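Chemist: Here it is, the structure in full.
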Amino acid sequence: MARSGRLLELMQALRRHRQPVSGADLAAELGISLRTLYRDIATLQSHGAHIDGAPGLGYVLRPGFTLPPLMFTSEEIEALVLGTRWVADRGDAHLAAAAQDALAKIAAVLPGELRHDLEGSSLLVGPGARIGPDGEAMSALRRAIRGERKMAIGYRDKGGQCSERTVWPFALGFFDRCQVLVAWCELRQSVRHFRTDRIERVQPLDERYPQRRQALLKRWQAEQGIPAR
């Protein structure tokens with residue numbers, strides 16, 4: 001493997017480990033010697049990477065550093081293109097536009113050969129339908145999740161009965177045929193799943209909900225048996 005590719009692999013390995021990882025474990029993961037690992041870490045540090053640690057103590061990468069120019073493997077580019085095309089096809093108008101803009105920004109800073117791979121990707125998304133409220137409503141839901149804000153919604157259940165709910169939205173699930181809002185429901189005093197195509201009204205509230213979004217998400221994942229990522 002070329003040294004530039006090895007440095008990228010090392011950066012990715014460090015990003016995967018949120019806690020300090022030993023040099024021996026990193027070297028084994030990358031298939032290189034400890035001497036090469038120490039030399040590569042020193043190179044990254046000289047380019048501004050905030051890698052804390054030392055031989056015998058372990059290493060951890062602090063956030064906020066990318067290697068210029070932005071580089072991806074061919075398979076990473078295919079994953080980006082396929083994911084973006086899925087969002088552009090299935091997401092609401094605002095999310096679809098954001099996905100296309102993000103891909104354009106990535107393409108603008110890629111070297112020529114990789115940009116050609118991105119623009120010429122043959123991975124396609126099959127036909128599907130956008131299911132859910134309009135783009136403004138979905139944008140409001142995503143803002144409430146990011147801001148940890150309560151939201152009032154009008155919800156129609158599968159029997160056609162409508163109810164008014166105050167919820168603490170903390171996740172959105174995307175499926176082929178529907179999207180699902182995961183939120184703590186003050187009416188039911190528990191986590192509930194709301195199909196977004198049955199949400200008839202959304203009203204963002206100024207009040208923050210009393211728990212952190214990540215805490216709600218982790219507890220829900222544990223209850224559902226979903227591995228945390």
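Chemist: Taking the condition of being crowded, with 17+ Cβ neighbours inside 10 Å and more than 13 Å from residue 198 (Cα to Cα), how many residues in segment 161-175 meet it?
Modeler: Result for segment 161-175: 6.
Chemist: Return a yes/no flag: does segment 188-208 have any residue that is within 21 Å of the chain's Cα centre (by Cα), in contact (Cβ under 8 Å) with a residue 24 or more places away in the chain, closer than 30 Å to residue 127 by Cα and in a loop (DSSP other than H, G, I, E, B).
Modeler: Checked segment 188-208: no residue is within 21 Å of the chain's Cα centre (by Cα), in contact (Cβ under 8 Å) with a residue 24 or more places away in the chain, closer than 30 Å to residue 127 by Cα and in a loop (DSSP other than H, G, I, E, B).
Chemist: Considering each of 106, 131, 145 in turn, give the residue that is at pLDDT 85 or above and either at negative phi or surrounded by 14 or more Cβ atoms within 10 Å (Cβ to Cβ) (or both).
Modeler: Among 106, 131, 145, only 145 is at pLDDT 85 or above and either at negative phi or surrounded by 14 or more Cβ atoms within 10 Å (Cβ to Cβ) (or both).
Chemist: Going by the structure shown, is residue 98 surrounded by 14 or more Cβ atoms within 10 Å (Cβ to Cβ), more than 19 Å from residue 201 (Cβ to Cβ) and free of Cβ contacts under 8 Å to residues at least 12 places away in the same chain?
Modeler: So residue 98 passes the test.
Chemist: Going by what's in this entry, would residue 75 be described as among the charged types (D, E, K, R) and free of Cβ contacts under 8 Å to residues at least 40 places away in the same chain?
Modeler: Yes.
Chemist: If you go through segment 64-79 one residue at a time, do you hit one that is open to solvent by less than 40 Å² (accessible area, probe 1.4 Å), at pLDDT below 90 and in contact with a strand residue (DSSP E or B) (Cβ under 7 Å, 6 or more places away or on another chain)?
Modeler: no
Chemist: Something else now. Is one or more of the residues making up segment 216-225 buried (at least 17 other Cβ atoms within 10 Å of the Cβ) and touching a helix residue (DSSP H, G or I) at 6+ places or on another chain (Cβ under 7 Å)?
Modeler: no
Chemist: For segment 155-178, check the following and say yes or no: at least one residue is closer than 16 Å to residue 88 by Cα and acidic (Asp, Glu).
Modeler: yes
Chemist: A further question follows. Identify all residues within segment 1-41 that are part of a helix (DSSP H, G or I) and charged (D, E, K, R); write none if there are none.
Modeler: Selection gives 3, 6, 9, 15, 16, 25, 29, 35, 39, 40.
The values are calculated or read from the model by the stated rules, or taken from the named source; none is laboratory data. Note that the coordinates shown come from a computational prediction; the quantities given were computed from them, not determined experimentally. Note that we place each Cβ from the backbone using ideal geometry, even for glycine, and neighbour counts take in every protein chain shown. SASA here: full protein model, heavy atoms, side chains in, ligands and nucleic acids out. Shrake-Rupley method; radii C 1.70, N 1.55, O 1.52, S 1.80 Å.
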